[in-house]
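Report on one structure; see the data block that follows.
The values are calculated or read from the model by the stated rules, or taken from the named source; none is laboratory data. These figures come from a predicted structure and were not determined experimentally. Every residue, glycine among them, receives a Cβ derived from its backbone with ideal geometry; neighbour counts consider all protein chains shown.
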């Protein structure tokens, strides 16, 4: 017999074998026992949580000749026929490849016929959100009032894409992500039945990689078994899946916390030289930062996601050396990168630039709140004060030792040195604070300009581009790439074209093209608007004067007794 994948071999055959999802299992078993099956069900949830498996079990259970406590017996003529495919009263349809109106009409034509051997004819429509709008409309009436012998079971990972008219006609069941413990327990059971030795740490690691999808976990285990190496440990799983080691992740976080650009770039070089997946690496770095933040908040290691012992042991020390603002800034920076790195053709460059931004980060991000900027400023001032204080103490101790040889001479020397040190320290503090305040003022002005630009943006621009694509106007869409849209006076939308793209402006300004764009904008917004094409230099707001230095920063400087000058 041909080899069958583990997730197919160990697919549950009765409700009692389903991992977790007790809230769904209990309701469906009671439905079978009471023999009160509804005409339409909707199973929602992420991949690998058991939607299709539960639909198949339920289809057999409501047709079983000898159900046992709500479970199908899997031994009667009907159960065996459904499992073997000899009874065609349970029809499974993949809506991803059968999503047209004609496919739905064939279902509508078939539902009028009674089942051959089973008591109910069951239609399982997987990935139902892929049906076209016309197909949904064709199915609506049949879904609302099907014949008594028909049951529909719809399964989807994206229920928000279904029309409200379909949702209202179904009994909805939401499948939850399976916990790490539940996945690890089922993997351990499969490993025992297949006679494969797997370490407990490897099972936990595979379960954490599955992200709540049991099928993904079984597939990873199947892939590890195929290597022929035993016992299966964490290092083998890392090798098979292609993710970076825990040590590399930990070293990277330490380098970022220490603002060590050289070491951070070298870690990226090690990542790519080992052929590891940058997406997984980025997830693990974010995960470790999350664990540091959770440990600082709870003071416990119970809720940490990090699986390696080295990371768990290092988290308490890391939590003391890095402020909350740094952690939050790093998580935000890396999370923004995670969304785009999957589709980038140069993930290494994106990683390197993100790490450099984290290592060199001061008060420089325009989207930072003023409170965040002030906290960063306070942190930097404390660092400067500590360094200057240590420098002053070292100088004073050195001068004190010299007084033992020549007290009168060294007394004057110490006074002069101390005075000079104080002046140097004051001057250094003033210079650092002035530079920081000037940068904060620049950031405030830039933030104000960004907010004004944001308020002037035409927020429906992406919808306009998508509608033009749907209408097949690809030539216009091509000329609209790298353009922006903003509101102007007199109910006018300005399409802003880069200065160097004079060809695009000329093509978009043609009467026919401009008329099409205007019609689409009118359809999207629901009101008539004027549209004109301008270059980026046209209508650009004049540079604003730097905003005044925030009063809170001035007050803080006065409280600290720091003298400073404001340089315009």
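Could you count how many residues in segment 113-146 are part of a loop (DSSP other than H, G, I, E, B) and closer than 18 Å to residue 171 by Cβ?
Of all residues in segment 113-146, those part of a loop (DSSP other than H, G, I, E, B) come to 113-120, 127, 131-132, 145-146.
When the remaining residues are screened for being closer than 18 Å to residue 171 by Cβ, the result is 120, 145-146.
Total satisfying the criteria: 3.
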Margin query: Every residue in segment 509-521 that is under 17 Å from residue 487 (Cα atoms) and touching a strand residue (DSSP E or B) at 6+ places or on another chain (Cβ under 9 Å), please.
Written below: 514, 517, 518, 521
Checklist line | Residues that are within 20 Å of the chain's Cα centre (by Cα) and either part of a helix (DSSP H, G or I) or under 24 Å from residue 4 (Cα atoms) (or both), drawn from segment 175-194 | finding: 178, 180
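Residues in segment 1-34 that are assigned to a helix (DSSP H, G or I), crowded, with 17+ Cβ neighbours inside 10 Å and within 34 Å of the chain's Cα centre (by Cα): how many?
6
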Next item on the list: Would you please name the residue that is nearest to residue 215 (Cα to Cα), looking only at residues in segment 170-196 that are without any contact (Cβ under 8 Å) to a residue 60 or more places away in the chain and surrounded by 18 or more Cβ atoms within 10 Å (Cβ to Cβ)?
Entry: 187
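From the set of residues in segment 77-98 that are in contact with a helix residue (DSSP H, G or I) (Cβ under 6 Å, 6 or more places away or on another chain) and part of a loop (DSSP other than H, G, I, E, B), which is surrounded by the fewest Cβ atoms within 10 Å (Cβ to Cβ)?
96
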Margin query: Just to be sure before I move on: is residue 462 surrounded by fewer than 13 Cβ atoms within 10 Å (Cβ to Cβ), at pLDDT below 75 and under 30 Å from residue 526 (Cβ atoms) in the structure I sent?
Written below: no
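Can you tell which of 162, 167, 139, 154 is farther than 24 Å from residue 82 by Cα, surrounded by 21 or more Cβ atoms within 10 Å (Cβ to Cβ) and in the same structural domain as residue 79 (by TED's automatic domain parsing)?
Only one candidate qualifies: 139.
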